[in-house]
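One structure is given below, encoded as structure tokens.
The values are calculated or read from the model by the stated rules, or taken from the named source; none is laboratory data. Note that the coordinates shown come from a computational prediction; the quantities given were computed from them, not determined experimentally. Every residue, glycine among them, receives a Cβ derived from its backbone with ideal geometry; neighbour counts consider all protein chains shown.
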Amino acid sequence: MAVLQKIRVQFGLAISIIIALALLSFIIDPNTLGSALQSMSSKYDVGTIAGKRVSYTDFQENVDKFTTIHQIATGSSVQNEQTQTQIRNAAWQDFLDRYMMAKNVKNAGVRVGEDEMVNLTTGDNISPVLAQNPAFQDADGVYSPDALREFVQQAGMDDSGRGKLFWNYLQNSVLTQKYYDKYGALLLNSSATPKVFLDRAVAEANTTATVEYVMVPFNYNDSTAVVSSAEINAYYKAHKDNYKQQAGRDIEYVVYEVTPSQADIDAAGEDIDARMAEFASTNNMKAFLLRNSESAYSERWYTKDELASNFSSDIADFAFSGEQGVSPLYKSGNMFRAVKVMGSANLPESVYVKHILLQGADAHEVADSLCKVVAKGGNFAALAAIYSVDKGSADGGELGNIGRFTQANCIPGFESVFTAEANKPFVLDTQYGSHVVVVTDRAKPVAMRQIAVLEKTTLPSKETYNECYAKAHRFATLAAGTYEGYKKAIDSTGVYSHPMNNVTEATSNYGAISQAKEITRWVYDNKPGKASNIITVNNNYFFVVAVKAAREEGYKSVKDVAPAINDILRSEKLRDITKKEVAAKINGLATLEEVAEACKASTSTREDVAFGGTGAPSVEPALLGAASVAPEGQICGPVAGEACVYVFKVSNRQTGAFYTEEDAQNTEKQKAQYAAQMIVPVMMEYDNVKDNRARFF
């Protein structure tokens, strides 16, 4: 009865929840119930940190917050894949700092008080987070309390809340950085090395010797060195942590790529050829290319080498040949191109540019006014600090400096800076807003061309697409959803099957095909022995995938690691056997030459063998350790190494004084610094951090 009561107490709540869900299923729409269960499942968590779940919803909210912070900091809402990855990393790090780092630091007794925070943000000990931010620096790149004070005041009056959000982010960054600094200092300063250890390190590092030795390799053909299953199991249990594994899948897949047929290529060539006459005669090239070409009109200027590398040597030769009109139609693979030279000039290959970015309804008018101020000698950096939305451009420490760029890395819309006069401000309108621009330096001019490109890539026709899909569909039908059927389909169709082992949840590339995360998701949603239907990737690849094996996160099985353990244990047995054999053979021998003859080996010598310091040892560690304490002039051994047994003699031991106590202290400090760098990884292991972001992104 007591046991029954205990079960009721411990599991009563769980049972109540299950019963409640069962009752709800009669009155709630099944889709709604499914969503509720999904939100409760850890499968849909982005991760766990110190026992705290980070749901997808929570993580996405943090991503949205850091996206806004990024926009405020850079003045740009443009995001590429790299930027999105950086934002997601920042959002995840924020969870680590809150759930893991802050907890452990506080448990260690580290605190950052209110007075200290005031001092770090507005006092005499300004945090580098603020002091090194260009937004809070003057024209000379020096931290300006007035700039920070003005920002805080404006943030408080910002009805949108963006200013407050950014200021809260900065304060939290200051606090977090201080926690890291204090905790790191705590570890470093607690790493004290007793003087006796320092003295020993100095003595060992200053001692060198000549080591003569005979090396007898293990006999790997020895049939007496047999490892039993029981020994393998015992070793596995004793060293189980060495065999941790991440989740992985072994798969095979076939892929059908939709490629243009010869008929498709011929049709594309005929289509672009029909547009050549209009290409040569049009008075509105921008509009013509917008309608007819895959390359929009660009005001970029090219050197001959740049044309060759960006397009082809034929196009480069034509553009610099002096010929007028339109080039012939050039074909490269599935691509057709023709060009028309729109301009010739000698222009600098690079320019140094600074700007002030204005946004909003009156941006152009404000830019005109600031341009006049700059033209009259106004301080550009000071104006940028006050008016520019772009707070990230501060090349050389001066706000507003974009830096030096070429035509190749030119900001879209900035092409006119290459023809602009040096040190003459002007207003430039781009997709980002209105800019006050000054070109402060121009490289030596070289010959360049401006071209229009009529370009068409052959795309597969609907008939070609359907034909490729039909092949994939036939294979999937033959496979019938099983790995056994998949193998039969391979034999029947003769298609090449791509093997791929250890697919993780982070895998997104399959061979040369990228952004194929949908395959990974299918693989992790299915069990070994299953084969997929058609999985379409990037609209032009048809995959059929089969799961061969699955390994869950945890420990490798004894069966999987038995061969490796067998090698380890057999080497240990061979070591013991060889040691005993060598010991018997050298018993009573007085010289290394006699030892070498008895063991049918040769003698070797290593001079200036060092027993301490930070340099790489000149002999195997086992021999080095034994030689460091061996009496001089006496035959010692046998000592077992990794693959052989040594018999040795230490001679000519010398002591120097080049390695000092200060050197030993510096070495210990380096070790402590290395240990401090492991703070976060060790904390992540301690707090059982699970990062499942690869499951979603």
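Figures for the structure shown
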| item | result |
| --- | --- |
| H355, sole failed condition from (1) at pLDDT below 90; (2) touching a His at 6+ places or on another chain (Cβ under 6 Å) | (1) |
| Leading residue by the ranking (farthest from the chain's Cα centre (by Cα)) among those in the range 584-614 that are over 30 Å from K671 (Cβ atoms) and acidic (D, E) | E594 |
| Pairs, first assigned by TED's automatic domain parsing to the domain that holds K164 and more than 20 Å from S173 (Cβ to Cβ) in the range 73-91, second outside any loop (DSSP other than H, G, I, E, B) and polar (S, T, N, Q), C-beta under 6 Å, six or more apart | none |
| Cβ-Cβ under 8 Å pairs, at least 6 apart or on other chains, the range 677-697 side on the phi > 0 side of the Ramachandran plot, far side polar (S, T, N, Q) and modelled with pLDDT of 90 or more | N688/T48 |
| Qualifying strands (runs of 3 or more DSSP E) (wholly inside the range 403-517; at least 3 residues being within 30 Å of G269 (Cα to Cα) and aliphatic (A, V, I, L, M)) | 445-457 |
| Residue pairs meeting the criteria (Cβ under 7 Å; at least 6 apart or on separate chains; first assigned by TED's automatic domain parsing to the domain that holds K340, in the range 274-287; second loosely packed, with under 12 Cβ neighbours inside 10 Å) | A280/G325 |
| Strands (runs of 3 or more DSSP E) contained in the range 590-658 and holding at least 2 residues assigned by TED's automatic domain parsing to the domain that holds R570, in contact with a Pro (Cβ under 8 Å, 6 or more places away or on another chain) and at pLDDT 95 or above | 644-655 |
| Yes/no for T74 being closer than 30 Å to K690 by Cβ and β-branched (V, I, T) | no |
| Output for the range 473-487, where each listed residue is touching a strand residue (DSSP E or B) at 6+ places or on another chain (Cβ under 8 Å) and either of a type in the set (F, W, Y) or more than 18 Å from N526 (Cα to Cα) (or both) | F475, Y483, Y486 |
| Test for A367: is it in contact with a Gly (Cβ under 8 Å, 6 or more places away or on another chain), over 27 Å from Q132 (Cα atoms) and not assigned by TED's automatic domain parsing to the domain that holds F318 | no |
| Residue within the range 149-170 that is assigned to a loop (DSSP other than H, G, I, E, B), in contact with a helix residue (DSSP H, G or I) (Cβ under 7 Å, 6 or more places away or on another chain) and on the phi < 0 side of the Ramachandran plot present | yes |
| Residue among V216, V227 that alone is under 26 Å from G554 (Cβ atoms), touching a residue at least 24 places away in the same chain (Cβ under 8 Å) and more than 41 Å from the chain's Cα centre (by Cα) | V227 |
| One residue from I577, I565 being at pLDDT 95 or above, over 30 Å from E252 (Cα atoms), β-branched (V, I, T) and assigned by TED's automatic domain parsing to the domain that holds E642 | I577 |
| Condition check for A550: within 26 Å of the chain's Cα centre (by Cα), buried (at least 17 other Cβ atoms within 10 Å of the Cβ) and not aromatic (F, W, Y) | yes |
| Filtered residues of the range 338-393 (kept if more than 23 Å from L148 (Cβ to Cβ) and among the acidic types (D, E)) | E349, D362, E365, D368 |
| Residue satisfying condition, being within 24 Å of I72 (Cβ to Cβ) and aliphatic (A, V, I, L, M), within set L347, L399 | L399 |
| Residue tally, condition touching a strand residue (DSSP E or B) at 6+ places or on another chain (Cβ under 7 Å), part of a loop (DSSP other than H, G, I, E, B) and at pLDDT below 95, over the range 527-552 | 1 |
| The listed residue being surrounded by fewer than 15 Cβ atoms within 10 Å (Cβ to Cβ), within 20 Å of S295 (Cα to Cα) and of a type in the set (S, T, N, Q), out of S313, S321, S327 | S313 |
| Helices (runs of 4 or more DSSP H) fully within the range 203-302 counting 2 or more residues that are surrounded by fewer than 17 Cβ atoms within 10 Å (Cβ to Cβ) and of a type in the set (D, E, K, R) | 229-238, 262-273, 285-292 |
| Candidates D124, D64, filtered to the one that is over 30 Å from V689 (Cα atoms) and among the charged types (D, E, K, R) | D124 |
| Near pairs, Cβ below 7 angstrom, 6+ apart or cross-chain, from the range 506-523 (assigned by TED's automatic domain parsing to the domain that holds N539 and under 14 Å from F697 (Cβ atoms)) to any residue that is charged (D, E, K, R) and modelled with pLDDT under 95 | S508/K517; T520/E505 |
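Yes or no, residue by residue, for (1) loosely packed, with under 15 Cβ neighbours inside 10 Å; (2) modelled with pLDDT under 90; (3) assigned to a loop (DSSP other than H, G, I, E, B); (4) more than 41 Å from the chain's Cα centre (by Cα):
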{"position": "K372", "(1), (2), (3), (4)": "yes, no, no, yes"}
{"position": "A385", "(1), (2), (3), (4)": "no, yes, no, no"}
{"position": "S393", "(1), (2), (3), (4)": "no, yes, yes, no"}
{"position": "G396", "(1), (2), (3), (4)": "yes, yes, no, no"}
